[in-house]
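No lab work stands behind these numbers, since they all come straight from the coordinates. Values in this document were obtained by computation on a predicted structure and should not be read as measured data. Note that we place each Cβ from the backbone using ideal geometry, even for glycine, and neighbour counts take in every protein chain shown.
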Amino acid sequence: MKKISFKFEISWLKDHDFKPLVAQIWNKHSHASSALERIQKKLKLVKQYFKGWGFNRQGEQRKKKKEMQEELLALEQLEEETPLIQDQMLRKSWLIFELLKISEEEELYWK
């Protein structure tokens with residue numbers, strides 16, 4: 001099994017689930033003999049959770065991007081044969097917008 005290392009990603013800050021998850025983990029009661037030990041334990045919990053969360057999120061993003069690219073390609077091929085109806089045009093616009101957001105996140109990742 002591949003060992004996953006922890007690396008904080010700036011793009012996580014754009015995920016609407018990130019901050020509530022950090023707060024939920026941080027606010028869990030911690031048994032510790034000092035404030036410093038309590039902070040160290042909380043940091044360890046956050047790190048452990050987001051190690052797996054980031055890895056899974058990245059895999060989900062790749063899958064989502066691939067599916068969206070395939071759907072966009074199908075709409076573009078259909079558009080070459082016949083004009084798209086309004087719902088199809090709206091879907092195509094939404095797909096382009098979402099793919100641009102994913103590209104922006106990928107750019108943040110590589111910086």
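Subtracting the Cα-Cα distance of TYR49 and ILE85 from their residue separation scaled by 0.36 nm leaves 8.5 nm.
Placing dummy labels 7 Å off each Cα toward the beta-carbon, the span from ILE10 to LEU108 is 0.9 nm.
Which links in LYS51/LYS92; LYS19/LYS41; LYS41/LYS66; LYS44/LYS101 stretch past 29 Å when you go from one Cα to the other? Numbers along the way, then the final one.
Numbers: LYS51/LYS92 34 Å; LYS19/LYS41 18 Å; LYS41/LYS66 38 Å; LYS44/LYS101 31 Å.
The answer is LYS51/LYS92; LYS41/LYS66; LYS44/LYS101.
Which loop trypsin sites (Lys or Arg not before Pro) in segment 6-76, with loop taken from DSSP, have no more than 13 other Cβ atoms within 10 angstrom of their Cβ?
Details: sites: LYS7, LYS14, LYS28, ARG38, LYS41, LYS42, LYS44, LYS47, LYS51, ARG57, ARG62, LYS63, LYS64, LYS65, LYS66; in loops: LYS7, LYS28.
Sites meeting the loop and neighbour criteria: LYS7, LYS28.
Dipole magnitude for segment 46-86: about 800 debye, using +1 per Lys or Arg Cβ and -1 per Asp or Glu Cβ, origin at the Cα centre. Binning the alpha carbon pair distances of segment 16-110 at 5 angstrom intervals from zero yields the distribution 2, 11, 15, 15, 12, 10, 9, 8, 6, 5, 3, 2, 1, 1, 0, expressed in whole percent.
The mean sequence distance of close C-alpha pairs (under 8 Å, at least 6 residues apart), as a share of the length of the chain, puts its relative contact order at 32 percent. Applying 1/(1 + (r/R0)^6) with R0 = 30 Å to the Cβ-Cβ distance of LYS28 and GLN69 gives a FRET efficiency near 0.15.
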